[in-house]
Each structure stands twice: as C-alpha cells, then as structure tokens.
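See structure below.
The values are calculated or read from the model by the stated rules, or taken from the named source; none is laboratory data. Since we're looking at a predicted model, the values are computed, not measured. As a convention, Cβ positions derive from the backbone with ideal geometry for all residues, glycine included, and neighbour counts pool all protein chains shown. When the accessible area is computed, the model is the full protein with side chains, heavy atoms only, and any ligands, DNA or RNA have been set aside. Shrake-Rupley method; radii C 1.70, N 1.55, O 1.52, S 1.80 Å.
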Amino acid sequence: MPAAKSKVYKCLNPIGTQEPVELSALAPRLKSIDGKTIHLSICGEPDITIPLEKRLKSDYPDVNWTVKKTYNINPIRLSEEERKTTDGVILGVCW
Amino acid sequence: MPYLAELEKDGIPTVLIDLKEETTKVRHDATVYGVPELRVIEASRTLAGPADVDNWIEPLVQSLTKPLTAKEKKSGTWAPEQPRILFEGGLEDAEKFYQQTENIPGILNAPFSMYTDGLPVVIPTEERVKEMLAGTSHSPDEVIALQRDMRPTAREGALGVGNPSMPEFYRKKGDVVRFMPMSRTATVEQVAVNAVMAGCKPEYFPVVLAIAESGGGTGDGRGGGGSFVVSGPIVEELGINVSYGRGSIGNPPNKTIGRVGALLWRNLGGYKETVSTIMTYGGGGAALLHGEYAKGLPPGWKGLNEELGFKKSESIIMGGGGGPGGGGGGQFWMPGVYRAFQKSGHGAIARWLNVKGIPGPHNFLDYFLDGMWATREGGVTMVMIPSMAKDLWDVGFKTKDSVYEYIYKKSFEPVKKYRMRGGPDFFTNGWMGIERTSGKHWKELSDDYMVPVCPDPWSNCIILAHGEETVLDRSGGGHGAGWSIDAWR
C-alpha cells in the first residue's frame with residue numbers, strides 16, 4: 001500500500017478540444033438609422049417583440065423596416081440577396 | 001449566435017435583445033463564434049412588454065449607431081489550450097484533483113464540478129485509458145466524426161426534424177462532431193478518458209464512441225447527457241440488462257455507459273450552468289441506457305436497428321427521440337389487472353372495453369390511450385414485454401407500424417380543443433404555419449376540423465424488454481436517430 005501511495009500516475013485530460021477562434025471587430029456602426037434598411041428578426045417572447053415592432057415603426061418612421069418573425073427559438077435568416085440591402089439588424093429574444 | 005456572428009463579420013451592425021440572466025451565456029457564445037464584444041440589450045422577464053421596451057428602446061437603436069470603442073474594434077485569436085496530461089501524482093491526490101469544484105455566482109455560488117458530473121470518478125490514468133483504447137480499432141488521435149452520410153428521412157421530415165429535400169439538412173460521412181455548448185471537438189482518446197471516468201470497461205467502448213458520434217448527449221448545449229437505447233447483438237454480448245430491474249441499479253453496462261453522456265456533456269461540451277448554458281433547471285443528466293430485447297419481438301415486428309434502416313445483425317444506439325410526448329397520460333396500469341383482462345376477461349380493463357367474461361387476446365390500446373393526450377401533445381414511447389407484444393400481434397397488429405398508425409389515428413381532436421393546449425403555440429409557430437393534414441393555414445381551419453395531437457405515426461415507438469410482469473412503461477420521445485456501434489469496434 002505505501003508503494004501504491006507513493007507511485008506517481010500521469011492522469012489524462014477529459015476536456016474536449018477548443019479549436020482556435022478568429023475574433024472579429026464589430027461591424028462599423030451607422031451614422032444614423034434614418035433612411036436605412038433595418039431588419040427586425042423576431043424569435044420568441046411576443047410579449048416583448050410585438051410592442052417593440054410597434055414602437056420602432058412609430059418612433060423611427062424614416063427607417064425602412066423589414067421584419068421576419070418566428071415563434072421558435074431559431075431566427076429566420078436573411079438571404080444573401082437581402083443582406084446586400086440590409087444596413088443593420090435587431091434580433092431578439094432568442095439567438 | 002452563429003447567425004449574428006456572420007452578420008457582424010459581413011459588415012452588418014447588429015444588436016441582440018436577451019433576458020438579463022442570459023448575458024453571461026451570450027458573452028460566452030459570442031466568444032465561441034468570434035464576436036466577443038457583440039452588443040446586447042437586456043430585457044425583463046417580469047415587466048409588461050410596452051413598459052419594458054420603453055426602458056431600452058433608445059439604447060437599442062443607439063447600439064447600431066454609437067461609434068465602436070477601442071475594445072470593440074479589436075481582433076485577434078482565441079485559442080485556449082488544454083494539456084493532454086492534466087495531473088501527475090498519487091491516486092489519492094488525483095481523486096481530490098478531479099473532484100474539484102468551483103462556485104458559480106449564477107447558481108447562488110453553489111459548487112459545480114470542474115471535471116465530473118458531481119459524483120466520484122475512476123481516475124483516468126494513462127494506463128487505464130490505454131486499456132480502454134484497446135476496445136476499438138480506431139486510432140487514439142482520430143477526431144470523432146460521422147461514420148456515414150446522414151439525411152433526414154421522409155418520416156423525420158414529417159416530424160419537422162430536418163427536411164429530406166433540402167441539402168442544408170444533409171450531413172456527410174467525415175463531418176466532425178461538435179460537442180455543445182462550446183462547439184468543441186474531441187479525439188477518440190478524449191472520449192476514452194471520459195469512459196474510464198464513468199467506470200466503463202474496454203468492451204463497452206464502441207457503444208461509448210457511438211454515443212459520442214451522436215453528439216454525446218450534449219444536444220444544443222442543454223442536452224442533459226441524453227438517453228440511449230442499444231439495439232442489436234451487442235446487447236447480449238455486453239450483458240446489458242433488458243429484463244427485470246432494467247431501469248434499476250446493479251448492472252454495470254446500464255449504469256456506466258448511461259453515465260458517459262453526462263461526462264461528455266460536462267467535459268467535451270463544456271457545460272457549465274449559467275456560464276456556457278442557461279435555462280436548464282435539470283431533469284437531464286440522469287444516467288440512462290436501455291437495451292432492446294429483440295428476441296422477444298413477434299414475427300414481422302422489426303427491432304429498432306431495422307426500423308432505423310440498419311440490418312438486424314448490426315448493433316446501434318438510438319438517441320432519445322427528444323420529441324414531446326403524450327407518454328405521461330393514459331389510464332392507470334396494473335399488471336395484475338391486465339393479466340386478468342387477457343386471461344379471463346375480468347377486472348377494470350375488461351369493464352372499460354366491455355369484454356367482461358370474454359377471455360383474450362384483446363386489443364388493450366384503447367384503454368391504454370384513454371386520456372393519453374389530456375395534458376400533453378406528442379407521440380408515445382412504450383416499453384413492453386413479449387407476451388404483451390404477442391397479444392397485440394394476435395389481435396391483428398402484424399407490424400409495429402400498424403400500432404403506430406393506430407395510436408396516431410386515435411389522437412385526432414377538433415381544432416377548437418387543440419387551440420386550448422399549451423404546446424401548439426410553439427409547434428404551430430404561433431399559429432402562423434401550415435397544418436399538415438389539410439395543407440391549410442392554421443387560421444383558415446374551422447373549429448370542428450380534426451387534427452392529430454400525436455404529430456405522426458413515427459412519433460410513437462415500441463421498445464421490447466424481457467420479463468413476465470405485464471407492465472407497460474410509457475414516455476414521450478418517439479424514434480431518435482440511429483448510430484452504428486459496429487462502426488466503432
């Protein structure tokens with residue numbers, strides 16, 4: 001028993017491999033949202049997103065608002081074509 | 001999160017609205033997907049929507065216009081590294097090391113295990129891991145990847161689990177498996193380390209590797225460690241208990257292989273409550289492994305391996321279906337009453353089915369399903385013994401599919417009743433989607449239109465177990481995907 005106690009074991013790591021991630025700066029911000037196409041991506045929590053959509057449209061009437069909504073937790077994605085004409089995205093409440 | 005990261009990298013400014021206690025998790029995900037400084041606005045769980053929006057609509061919009069800080073403009077590389085050898089020393093010290101905990105503020109500073117599921121583990125010495133690796137022909141440094149092409153089947157498509165006609169749902173042999181929530185990868189050796197810690201024997205290792213290939217019970221990060229059913233010859237080879245006490249204690253393969261998913265979730269996936277994952281109060285993480293007693297199947301009834309497209313001679317695991325289920329409902333079930341009903345037409349089931357005094361075999365499904373969907377929607381998974389399967393076979397159910405179809409047809413109810421349920425807000429995408437049996441928009445359907453509460457026959461599942469006690473275990477879940485064990489031998 002004393003020999004077993006003093007034996008040195010190499011014990012392996014159970015943790016998976018975190019591959020290196022390239023970290024990006026955030027996209028440059030807009031000077032103003034007026035006159036821009038801002039996309040509202042709604043997923044979940046209609047109690048929040050219904051009044052939010054109303055407020056955004058009434059408080060910022062000079063914005064071209066586009067909206068995609070789902071009750072589920074995964075947002076409906078913008079197509080590549082739609083991304084070309086979208087200046088900003090507000091997404092909530094799941095991600 | 002990958003979507004928001006893509007948009008930011010494409011040059012489109014974004015802002016995410018989350019709920020306050022989710023922000024630690026959001027920050028974590030943002031780093032994993034390469035945009036650590038993602039802008040976030042916190043909404044409330046308790047304020048009414050209009051008042052809540054009033055509190056943050058201005059900063060929300062400013063998130064798209066406020067100039068970037070120096071920190072937000074930074075780029076770089078995040079490359080956390082883990083040593084292969086985690087600890088060197090005596091076994092007693094190793095036990096203390098592997099059982100370390102940290103206090104996590106999000107769970108009121110309760111301790112959370114750094115390397116285990118909370119229970120003591122077998123210490124993964126280099127020698128023990130080497131022995132475990134002898135259980136497979138795969139190389140220790142091989143990265144866990146899919147062993148075959150996978151496309152959603154038509155049946156899975158019907159359940160909304162992928163779309164068979166859309167290539168974005170296809171996965172190819174060789175695709176690297178990601179363990180969630182950290183989207184990590186793993187080698188065969190890293191899986192072996194966890195298998196040792198769970199107490200597995202080398203001969204169990206191909207099953208463990210198949211579990212790893214399935215994502216290791218990590219799901220989208222809230223996987224809970226998963227639950228698995230083993231089908232095929234390996235059930236007998238390993239001595240997986242499919243008989244009395246199959247859900248109880250005492251059988252090493254059931255308990256140790258069943259435990260592996262929880263360790264893979266913690267160690268490969270990086271699950272850490274409120275830090276890398278949130279919204280799991282638990283209920284997951286319970287060790288679960290069942291086996292199928294295929295020898296007890298009546299003629300024409302397929303085993304799970306064949307049902308999922310494999311050969312009868314192939315050993316597979318089926319991941320827990322994960323679908324919702326009506327399995328919590330239905331009539332109370334007394335094994336003795338069932339026996340009396342089939343033997344001589346006595347007792348509650350016989351009264352209910354109006355066959356009093358008439359010996360069986362009788363179809364017991366109507367009694368079983370009475371009230372099945374009273375409070376839950378979805379399919380029904382049944383674990384039954386051979387004599388009960390034979391009773392169904394004798395009354396005309398010559399295939400499992402005929403039972404699934406029968407249950408499905410029994411689940412129809414009028415739309416007006418379906419609307420009052422808790423789940424369909426979600427299943428119908430807020431009633432904005434198309435109802436499948438009619439092809440019509442949900443809002444176009446009359447109150448009396450009949451819709452299925454069990455979404456598809458395939459959402460039901462029968463698992464055969466050995467034994468004579470006429471218990472009929474029930475749960476939700478249905479059919480999950482199948483993963484070859486033989487591919488990992």
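Worth a mention:
- Counting only other chain Cβ atoms within 10 Å of each residue's Cβ, the peptide B:46-55 averages 4.
- Near A:His39, the amide H atoms lying under 5 Å from its own belong to A:Thr66, A:Asp87, A:Gly88, A:Val89, A:Ile90; only residues 5 or more places off or on other chains count, and H is placed 1.01 Å from N.
- Dividing the helix sum by the residues of chain B, where each DSSP H run of 4 or more adds -39500 (n - 2.57), gives a mean residue ellipticity at 222 nm of -7500 deg cm²/dmol.
- Under the Karplus curve 6.51 cos²θ - 1.76 cosθ + 1.60, θ = phi - 60°, whole-Hz ³J(HN,Hα) for the stretch A:24-39, x wherever Gly or Pro sits: 10, 5, 5, 5, x, 7, 8, 6, 7, 8, 4, x, 9, 9, 10, 9
- Residue ranges B:200-213, B:70-83 sort as B:200-213, B:70-83 when ordered by packing (mean number of other C-beta atoms within 10 Å per residue, highest first).
- Ordering of A:6-16, B:454-464 by burial proxy (mean other Cβ atoms within 10 Å per residue, highest first): B:454-464, A:6-16
- Summarising the strand pairing of the protein assembly as shown, around 50 percent of its internal DSSP beta bridges are antiparallel.
- When the charge dipole of the protein assembly as shown is built from unit charges on Cβ atoms (+1 for Lys and Arg, -1 for Asp and Glu) and taken about the Cα centre, the candidate among B:Val143, B:Val337, B:Phe97 whose Cα reaches farthest toward its positive end is B:Val337.
- HN-Hα J in Hz across the stretch B:464-481 - Karplus 6.51, -1.76, 1.60, θ = phi - 60°, x for Gly and Pro: 7, 10, 7, x, 10, 6, 7, 8, 10, 6, 9, 7, x, x, x, 7, x, 7
- By DSSP, the beta bridges lying fully in chain B are antiparallel in about 65 percent of cases.
- For chain B, alpha-carbon Rg relative to the globular expectation (2.2 N^0.38 Å, N residues): 1.09
- Between helix A:46-59 and chain A: long-axis angle, C-alpha atoms, 0 to 90°, nearest 10: 40 degrees
- Peptide B:32-42 has a mean shielding of 3, counted as Cβ atoms of other protein chains within 10 Å of each residue's Cβ.
- Derived scalar couplings ³J(HN,Hα) [the stretch B:236-249; Karplus, 6.51 cos²θ - 1.76 cosθ + 1.60; whole Hz; x for Gly, Pro]: 6, 4, 8, x, 5, 6, 10, 10, 4, x, 4, x, 9, 9
- Evaluated at q = 0.27, 0.31 Å⁻¹: base-10 log I(q)/I(0), Debye formula over Cα of the stretch B:388-440: -1.07, -1.25
- Packing-based order for B:367-373, A:33-39, B:28-34, using average beta carbon neighbours within 10 Å, highest first: B:28-34, B:367-373, A:33-39
- Based on protein heavy atoms only, chain B ends up with 44 Å² per residue of surface accessible to a 1.4 Å probe.
- Value of Rg/Rh across the stretch B:349-489 [Cα atoms, Kirkwood radius]: 1.04
- Over all directions, the projected convex hull of the C-alpha atoms in chain A averages 11.9 nm² in area.
- Estimated [θ] at 222 nm from DSSP helical runs (n ≥ 4, -39500 (n - 2.57)) normalised by residues in chain A, nearest 500: -7000 deg cm²/dmol
- Each part gets one Cα centre, and for the stretch B:409-488 versus the stretch B:363-405 those centres are 14 Å apart.
- Computed over the alpha-carbon pairs of the stretch B:406-489, the distance histogram in 10 Å steps reads 13, 37, 25, 16, 8, 1 percent, short to long.
- Near A:Tyr9, the amide H atoms lying under 5 Å from its own belong to B:Gly89, B:Gly90; only residues 5 or more places off or on other chains count, and H is placed 1.01 Å from N.
- For the stretch B:1-151, the Cβ-based charge dipole about the Cα centre amounts to some 440 debye (Lys, Arg positive; Asp, Glu negative; other atoms uncharged).
- A quarter of the convex hull surface defined by the alpha-carbon atoms of the protein assembly as shown gives 30.0 nm² as the mean projection.
- Shown here are the Rg and Dmax of the Cα trace of the stretch B:77-159, at 19.1, 55 Å.
- Neighbouring Cβ atoms from other chains, within 10 Å of the Cβ of residues in B:191-200, number 2 on average.
- 5 angstrom amide H check on B:Gly379, placed H, neighbours 5+ away: B:Gly326, B:Gly477
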